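Report on the structure given below.
The values are calculated or read from the model by the stated rules, or taken from the named source; none is laboratory data. From a predicted model like this one, the values you see are computed outputs, not experimental measurements. With ideal geometry, Cβ positions are generated from the backbone for all residues, glycine too; neighbour counts draw on all protein chains shown. Quick note on the areas: whole protein, heavy atoms, side chains included, nothing else; ligands and nucleic acids left out. Shrake-Rupley method; radii C 1.70, N 1.55, O 1.52, S 1.80 Å.
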Amino acid sequence: MKSKESILTDNFGRYHNYLRISLTERCNLRCSYCMPLEGFQLSPSENLMSAEEIYEIAKIFVKFGVNKIRLTGGEPLVRKDFIKILNLLSTLNIELSLTTNAVSVDRYFNELKKAGVKTVNVSLDTLSSQRFHDITFRNYFDRVYKNIFKLIDNGFKTKINAVIMRGTNDDEIISFVNFTKNNPVTFRFIEFMPFDGNQWRREKTVSYKEIMDKLQSTYQKDQIIRIKDAPNDTSKNYKIKGYKGAFAIISTVTNPFCDQCNRIRLTANGKLKNCLFSQEETNLLKAFRNKEDLEQIIFRNISKKYAVRSGLSDPENFEDPREHKKNRSMIAIGG
Ligand code: SAM
Ligand code: SF4
């Protein structure tokens, strides 16, 4: 008989207490780095988890020790039964959080508060309305921008995720940091990662080192303060002395943080992924519907987890476009 923690512990001793659930493959934006240009073939609706199935499967993970669940997507807020899912999961006595593009997050403030959500991560890759349209193919900059301030005013701990792409928004890094001067947010710079259909090229990724070099040539050395990272944090955290907010860098490409990984992912169609880059997936929804023993199935999936980026440890194979094609688009994983 295994202890409940051992079900979620892999061969490298990493205990996975953090589950990210993708609620949908749909989105109201078309971010070029996430959604394939040619569009995305949605799963048939009967293959998607219902609100009750999400709750029942989440409950099993909580039984094995998951104590943190993040709702993501696609865009989680386009799901019509989002509030129902939120209310169900709020009964699980876990830390519940949300990643959203913030287009319509203001409609859910009361429900989010009632469900105990304290932290909201928002995607925003530019402070220019025209550029927002160029990246997302939609005109929602003003809504998203205003909603960030509304989130702050409503007491949500707000993090802003910006995927930094050379030639697209890398000239805004200093403006992003300056945004933190008067605003208590953490601006997180994410290295652009390769996924099926997102036109990734190595040279478009702006590395952790390049970002730091840029900052060090703008701010004096003693102005840039390294902040202690939280346990299992994927980002390296900093702030500028005297600024209300902070900034962070997530360097999945040039400096992966796999040795501390505590994350597992459940896609909207009920597949368990033990890594963002894993090509092997376990159909938990099917097993759940067939009333199979999920404990063993989950354990087998977790114990197959690679030490680093699902085996793409060598930067050479990370750069092979055939490898990216094998990995689902980000829209279908849930970032
Ligand atoms: N729609 C929500 C949003 O945009 O915040 C949640 C889903 S989105 C897939 C989750 C996160 O994945 C976002 O912060 C987004 O920036 C990130 N992401 C998507 N594609 C990426 C890529 N190719 N490289 C790095 N991050 C990516
Ligand atoms: Fe939609 Fe988020 Fe992907 Fe942008 S990053 S297309 S908002 S799921």
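One table, with the values for the structure above:
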quantity: Scan of segment 29-69 for residues that are touching a residue at least 40 places away in the same chain (Cβ under 8 Å), open to solvent by 40 Å² or more (accessible area, probe 1.4 Å) and either within 16 Å of ligand 2 (Cβ to nearest atom) or in contact with a His (Cβ under 8 Å, 6 or more places away or on another chain) (or both), ordered by number; calculated: Arg30, Ser32, Leu37, Glu38, Phe40, Leu48
quantity: Segment 71-110, residues that are of a type in the set (S, T, N, Q) and assigned to a helix (DSSP H, G or I); calculated: Asn87, Ser90, Thr91, Asn110
quantity: Filtered residues of segment 111-138 (kept if assigned to a loop (DSSP other than H, G, I, E, B), more than 13 Å from ligand 2 (Cβ to nearest atom) and under 16 Å from Gly73 (Cβ atoms)); calculated: Val117
quantity: Count of segment 67-103 residues which are within 9 Å of ligand 1 (Cβ to nearest atom), of a type outside the set (A, V, I, L, M, F, W, C) and touching a helix residue (DSSP H, G or I) at 6+ places or on another chain (Cβ under 8 Å); calculated: 6
quantity: Condition met for Ser310 (more than 16 Å from ligand 2 (Cβ to nearest atom), part of a helix (DSSP H, G or I), open to solvent by less than 30 Å² (accessible area, probe 1.4 Å) and modelled with pLDDT under 90); calculated: yes
quantity: Residue list for segment 78-100, filter: within 16 Å of ligand 2 (Cβ to nearest atom) and open to solvent by less than 10 Å² (accessible area, probe 1.4 Å); calculated: Phe82, Ser97, Leu98, Thr100
quantity: Considering residues of segment 177-206 that are aromatic (Phe, Trp, Tyr) and outside any loop (DSSP other than H, G, I, E, B) only, the residue farthest from the chain's Cα centre (by Cα); calculated: Phe179
quantity: Residues located in segment 158-217, provided they are surrounded by fewer than 18 Cβ atoms within 10 Å (Cβ to Cβ), on the phi > 0 side of the Ramachandran plot and either within 16 Å of ligand 2 (Cβ to nearest atom) or touching a residue at least 40 places away in the same chain (Cβ under 8 Å) (or both); calculated: Gln199
quantity: Test set (1) more than 16 Å from Ser32 (Cα to Cα); (2) part of a helix (DSSP H, G or I) - Lys159 fails condition number; calculated: (2)
quantity: Close pairs from segment 221-236: first part of a strand (DSSP E or B), partner surrounded by fewer than 16 Cβ atoms within 10 Å (Cβ to Cβ) and not aliphatic (A, V, I, L, M), Cβ under 9 Å, at least 6 apart; calculated: Ile224/Gln216; Ile224/Lys241; Ile225/Lys241; Lys236/Arg226; Lys236/Asp229; Lys236/Asn255
